[in-house]
1. Anything in segment 68-96 that is farther than 14 Å from N31 by Cα, of a type outside the set (G, A, S) and either touching a residue at least 60 places away in the same chain (Cβ under 8 Å) or assigned to a loop (DSSP other than H, G, I, E, B) (or both)? List them, or say none.
2. Consider segment 89-106. How many of its residues are open to solvent by 90 Å² or more (accessible area, probe 1.4 Å) and touching a helix residue (DSSP H, G or I) at 6+ places or on another chain (Cβ under 8 Å)?
3. Suppose we filter G190, G166 for residues that are closer than 30 Å to V27 by Cα, open to solvent by less than 20 Å² (accessible area, probe 1.4 Å) and at pLDDT below 90; which single one remains?
4. Within segment 24-45, track down each residue that is open to solvent by 60 Å² or more (accessible area, probe 1.4 Å) and either under 12 Å from D76 (Cα atoms) or in contact (Cβ under 8 Å) with a residue 24 or more places away in the chain (or both).
5. Among the residues in segment 168-180, are any touching a Gly at 6+ places or on another chain (Cβ under 6 Å), part of a strand (DSSP E or B) and over 19 Å from L125 (Cα atoms)?
6. Check off (1) in a loop (DSSP other than H, G, I, E, B); (2) modelled with pLDDT under 85; (3) at positive phi for G202 and give me the number that stays unchecked.
7. Which one is least open to solvent (accessible area, probe 1.4 Å) among residues in segment 107-135 that are modelled with pLDDT under 90 and of a type in the set (S, T, N, Q)?
8. For G197, only one of the following conditions fails: (1) open to solvent by 50 Å² or more (accessible area, probe 1.4 Å); (2) more than 28 Å from K66 (Cα to Cα); (3) in a strand (DSSP E or B). What is its number?
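The values are calculated or read from the model by the stated rules, or taken from the named source; none is laboratory data. Just so it is clear, the structure is predicted and the values come from calculations on it, not from any experiment. With ideal geometry, Cβ positions are generated from the backbone for all residues, glycine too; neighbour counts draw on all protein chains shown. Side chains are part of the model used for accessible areas, which takes the heavy atoms of the whole protein and leaves out ligands, DNA and RNA. Shrake-Rupley method; radii C 1.70, N 1.55, O 1.52, S 1.80 Å.
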Amino acid sequence: MRYFSIIWIFLLAGCASNDKPVDISDVDLNNAYVIGWYVTYSDICRTYNGSGADIEVIHAIRERFKWSDSFNRGYDYNRNLFAYDTVTGLKHCDKAKAVLNAVYNGETSKGAELQYYLDLAWEGLLPTRKVFPVKVKEVGRTGHVKSASLIGGKKCDAIFRYDESGQGDWEVTCTDGTRAKGNLQTLASGKGSKGNGFDSDGNKINFRITRERPGI
């Protein structure tokens, strides 16, 4: 009878589990610092509250972002809490778990306009390689740049597309009639992409677009 009671308790616990979806619409899933912060928070929840994300998820995300300074700053923010015997007031464990599961599954904040840096070499336009700050609006596996300011007042719109393998193409249209296109390859998750191509006059283009400014 004792063993039957134990089994019955476990069954009841399973039926009573809260599987309601957690609202994470206010979380920027494209921000490496934010992701790092939630990794530590969820790890604290798992250690002190038993309700964090699976350890495999945490390890996979840490591995994915291990070269990101922004991620590491967010990750280190609350690590001092591990020095305590107990941590209370952990009210967002379910949210942290939902955030990490979303990141682990490759989700991003839809329609978010994010700051990137375009490291560009454009034959016939730029005498040397130059870095331009640009805003990229990401929707799924497509990125849009609107009215990016380049040398001489030239403004250009761009679209970047890629598939599950990380390979894709890009197109640029500028206000002076210049057009360009080529191929690209994404970098590590959330890192940006690199590519090559040619403009309508046959000038070679090479670029690398990243979340962190080159050389910093």
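1. Our first condition is that a residue be farther than 14 Å from N31 by Cα; within segment 68-96, this holds for 76-96.
Now restrict to residues that are of a type outside the set (G, A, S): 76-82, 84-88, 90-95.
Selection gives Y77, N78, Y84, D85, T86, V87, T88, L90, K91, H92, D94, K95.
2. The initial filter retains those residues of segment 89-106 that are open to solvent by 90 Å² or more (accessible area, probe 1.4 Å), namely 91-92, 94, 104-105.
Checking the rest, the ones that are also touching a helix residue (DSSP H, G or I) at 6+ places or on another chain (Cβ under 8 Å) come to 92, 104.
Summing the residues that are open to solvent by 90 Å² or more (accessible area, probe 1.4 Å) and touching a helix residue (DSSP H, G or I) at 6+ places or on another chain (Cβ under 8 Å) in segment 89-106 gives 2.
3. Working: G190 fails: open to solvent by less than 20 Å² (accessible area, probe 1.4 Å).
Checking each option against the conditions leaves just G166.
4. The initial filter retains those residues of segment 24-45 that are open to solvent by 60 Å² or more (accessible area, probe 1.4 Å), namely 25-26, 33, 37.
If the condition is that a residue be open to solvent by 60 Å² or more (accessible area, probe 1.4 Å) and either under 12 Å from D76 (Cα atoms) or in contact (Cβ under 8 Å) with a residue 24 or more places away in the chain (or both), then Y33, W37 are the ones that fit.
5. Scanning segment 168-180, I find no residue that is touching a Gly at 6+ places or on another chain (Cβ under 6 Å), part of a strand (DSSP E or B) and over 19 Å from L125 (Cα atoms), so the answer is no.
6. (2)
7. Per the stated criteria, the residue is S109.
8. In the conditions (1) open to solvent by 50 Å² or more (accessible area, probe 1.4 Å); (2) more than 28 Å from K66 (Cα to Cα); (3) in a strand (DSSP E or B), G197 misses (1) alone.
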